[in-house]
Amino acid sequence: MSPLLVKARAGSAIVEVTPESAGWTHVGFAAHRLAPGEALKLDTGGRELCIVVLTGTVTVQAGGQTWEAIGNRASVFEERSPYAVYVPLETTVGITAVSAAEVALCSAPATTHRPARLIEPASMARSVRGQGANTRYVCDILPQTAEADGLLVVEVVTPSGHSSSYPPHKHDSDNVPQESSLEETYYHRLNPEQGFAYQRVYTDDRSIDEAMAVENHDVVMVPRGYHPVTVPYGYDGYYLNVMAGPKRVWHFKNDPAHEWLMQTK
């Protein structure tokens with residue numbers, strides 16, 4: 001199995017990536033299933049946190065504030081944006097499931113004390129990228145225009161038979177504005193759930209060149225390199241991206257071998 005692939009597991013903590021387990025510096029990610037009434041408690045320590053309510057309804061307590069019964073989706077494939085909560089460093093967090101729920105915990109190092117805040121679906125920009133069989137549907141949950149120290153969070157739905165994060169692009173050089181250095185995780189979901197997708201991660205010198213079949217709830221880690229995704233016919237793909245690096249900006253470079261695809265009509 002590829003060292004960049006983290007397989008889903010049974011139980012509440014579906015999957016988890018820490019800077020220590022990934023061998024990098026910035027991005028942390030975890031997904032949790034919660035039964036009705038089940039609670040999750042944590043402290044952010046020296047990190048900021050973006051809680052994304054993927055499905056179901058939860059109550060979140062953080063920084064002296066409480067957001068009751070937030071969450072509006074039965075499936076991540078619904079054509080609506082999620083609820084999310086931003087939590088700063090050194091804050092105790094409580095998450096309690098009102099209904100059966102799945103939550104994503106996205107984190108990165110932080111230095112700024114700011115209020116915890118609710119990120120409502122109506123505030124999230126939705127867009128369409130690509131064309132033809134490269135079309136995908138994007139929701140910016142925590143973009144670089146929103147207040148945070150390091151985190152960038154976005155979700156993407158890729159229709160059956162389409163490619164995504166394509167043409168292949170990378171963001172592993174600190175060369176702003178041409179390119180920024182960002183670690184990244186892809187949390188994959190498939191519809192129907194027994195499906196699979198393919199993701200390749202590769203560098204120009206092929207010091208990394210991994211092609212992975214990803215299943216429902218798997219995570220792919222992208223420490224550097226290009227990272228396209230393809231979803232086979234008959235299944236729709238979803239992924240939640242978490243990015244963070246030395247600078248909180250997203251500038252990418254397309255693989256020159258495939259950049260000609262940007263000129264096709």
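The values are calculated or read from the model by the stated rules, or taken from the named source; none is laboratory data. Here the structure is a predicted model, which is why all the values come from computation and not from measurement. Note that each Cβ is placed from the backbone with ideal geometry, even for glycine, and that neighbours are counted across all protein chains shown. These area figures cover heavy atoms from the full protein model, side chains too; ligands, DNA and RNA do not enter into them. Shrake-Rupley method; radii C 1.70, N 1.55, O 1.52, S 1.80 Å.
What the table shows:
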| quantity | calculated |
| --- | --- |
| Of all residues making up the range 125-136, the number that are of a type outside the set (A, V, I, L, M), part of a strand (DSSP E or B) and without any contact (Cβ under 8 Å) to a residue 40 or more places away in the chain | 3 |
| Every pair of residues 6+ apart whose Cβ atoms lie under 8 Å, when the first sits in the range 196-219 and is under 16 Å from Ser160 (Cβ atoms) while the second is assigned to a loop (DSSP other than H, G, I, E, B) and among the aromatic types (Phe, Trp, Tyr) | Phe196/Tyr235; Ala197/Tyr235 |
| Test: residue in the range 7-18 that is surrounded by 16 or more Cβ atoms within 10 Å (Cβ to Cβ) and farther than 21 Å from Arg189 by Cα | no |
| Criterion violated by Arg114 - all others in (1) surrounded by 15 or more Cβ atoms within 10 Å (Cβ to Cβ); (2) closer than 30 Å to Tyr198 by Cβ satisfied | (2) |
| Residues located in the range 32-66, provided they are aliphatic (A, V, I, L, M) and crowded, with 19+ Cβ neighbours inside 10 Å | Leu34, Leu40, Leu49, Ile51, Val52, Val53, Leu54, Val58, Val60, Ala62 |
| Lone qualifier among Ala122, Ala146 - being aliphatic (A, V, I, L, M), open to solvent by 20 Å² or more (accessible area, probe 1.4 Å), more than 20 Å from Trp250 (Cα to Cα) and outside any strand (DSSP E or B) | Ala122 |
| Only one of Ala197, Ala211 that is hydrophobic (A, V, I, L, M, F, W, C), surrounded by 24 or more Cβ atoms within 10 Å (Cβ to Cβ), assigned to a strand (DSSP E or B) and under 20 Å from the mean Cα position of the chain (by Cα) | Ala197 |
| Qualifying residue in the range 154-163 (condition: assigned to a loop (DSSP other than H, G, I, E, B), crowded, with 18+ Cβ neighbours inside 10 Å and more than 13 Å from the chain's Cα centre (by Cα)) | yes |
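Results for (1) within 14 Å of Ala39 (Cα to Cα); (2) open to solvent by 10 Å² or more (accessible area, probe 1.4 Å); (3) touching a strand residue (DSSP E or B) at 6+ places or on another chain (Cβ under 6 Å); (4) not hydroxyl-bearing (Ser, Thr, Tyr), shown as yes or no for each residue.
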{"residue": "Val76", "(1), (2), (3), (4)": "no, no, yes, yes"}
{"residue": "Ala84", "(1), (2), (3), (4)": "no, no, yes, yes"}
{"residue": "Thr91", "(1), (2), (3), (4)": "no, yes, yes, no"}
{"residue": "Ala100", "(1), (2), (3), (4)": "yes, yes, yes, yes"}
{"residue": "Ala110", "(1), (2), (3), (4)": "no, yes, yes, yes"}
